[in-house]
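The structure under discussion is supplied below as structure tokens; questions concerning it will follow.
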Amino acid sequence: MSISFIINEQLYKQVIEPVASATSFVWIGTADIKDLHVRHKGTVQSFLCVLDSLLKKKVAIRLLHAKEPGVNFRRSFDKYPLLWDRMERQLCPRVHFKHIIVDGKFAYAGSANLTGAGLGIKSSNTRNFESGFITTDPEMIKDIMNQFDEVWMGKYCKSCKRKEYCTDPIL
């Protein structure tokens, strides 16, 4: 069991790389999502390729984000039809947390969105200044998963005062 504070370039190695080793599920919560690129199988590819590879191994994926992604993300997304059918996706304009949970055994919570400048392989001179925590502590992971799951399941939808911004209501 461990908890580590990580910053900047450490986020890529210690948050994104563990996603590829998932065997059961990956939950990703982010305010902003772009077509970030990562090292995968010896080349630089869209992170969506990593998710597609996981789906082929029957790993369940949930993506919870605040707004519709841009054109580059959509272009890449269209290359992976398995994502259309098997990746679960929810929109909630109130999501601002950044969480990545792998198999309920590893979790990240911090400032970095699922973007190249946040979690991708951009150089140290172009990436955002980011920080967060990674953990294998079961209690902390449970708390992170609970927050994610409450939003995912629509716990706050009935009393939400931002429904006019919700293009695809959960409930």
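Does the stretch 73-90 contain at least one residue that is hydrophobic (A, V, I, L, M, F, W, C), touching a Lys or Arg at 6+ places or on another chain (Cβ under 8 Å), within 23 Å of TYR165 (Cβ to Cβ) and in a strand (DSSP E or B)?
no
Tell me which residues, restricted to the stretch 52-77, are closer than 27 Å to THR23 by Cβ and among the hydrophobic types (A, V, I, L, M, F, W, C). Spell out the reasoning first.
The first filter runs over the stretch 52-77 and keeps only residues closer than 27 Å to THR23 by Cβ, leaving 52-65, 69, 73, 76-77.
Once the filter is applied, which keeps residues that are closer than 27 Å to THR23 by Cβ and among the hydrophobic types (A, V, I, L, M, F, W, C), the stretch 52-77 yields LEU54, LEU55, VAL59, ALA60, ILE61, LEU63, LEU64, PHE73, PHE77.
Tell me, which residue of the stretch 1-46 that is in a strand (DSSP E or B) and without any contact (Cβ under 8 Å) to a residue 12 or more places away in the chain is farthest from ILE134 (Cα to Cα)?
Top of the filtered list is THR43.
In addition: Which one is nearest to ASP32 (Cα to Cα), of the residues in the stretch 100-159 that are assigned to a loop (DSSP other than H, G, I, E, B) and among the hydrophobic types (A, V, I, L, M, F, W, C)?
ALA112
Related question: So if I check each of ARG89, ARG75, ARG62, ARG94, which one is surrounded by 17 or more Cβ atoms within 10 Å (Cβ to Cβ) and of a type in the set (Lys, Arg)?
Criteria check complete, one pass: ARG62.
Residue by residue, here is whether (1) of a type in the set (S, T, N, Q); (2) under 18 Å from THR30 (Cβ atoms); (3) touching a residue at least 40 places away in the same chain (Cβ under 8 Å); (4) surrounded by 15 or more Cβ atoms within 10 Å (Cβ to Cβ) holds:
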position: ASP103; (1), (2), (3), (4): no, no, yes, yes
position: ALA109; (1), (2), (3), (4): no, yes, no, yes
position: GLY120; (1), (2), (3), (4): no, yes, yes, yes
position: SER124; (1), (2), (3), (4): yes, no, yes, no
position: LYS142; (1), (2), (3), (4): no, no, no, no
position: GLU150; (1), (2), (3), (4): no, yes, no, no
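When only residues in the stretch 47-59 that are open to solvent by 20 Å² or more (accessible area, probe 1.4 Å) and not in a helix (DSSP H, G or I) count, which is farthest from TRP152 (Cα to Cα)?
LYS57
The values are calculated or read from the model by the stated rules, or taken from the named source; none is laboratory data. Remember, it's a predicted structure, so these values are computed and weren't measured experimentally. Glycine gets a Cβ as well: all are built from the backbone with ideal geometry, and neighbour counts include every protein chain shown. Side chains included, ligands, DNA and RNA excluded: accessible areas come from the protein's heavy atoms. Shrake-Rupley method; radii C 1.70, N 1.55, O 1.52, S 1.80 Å.
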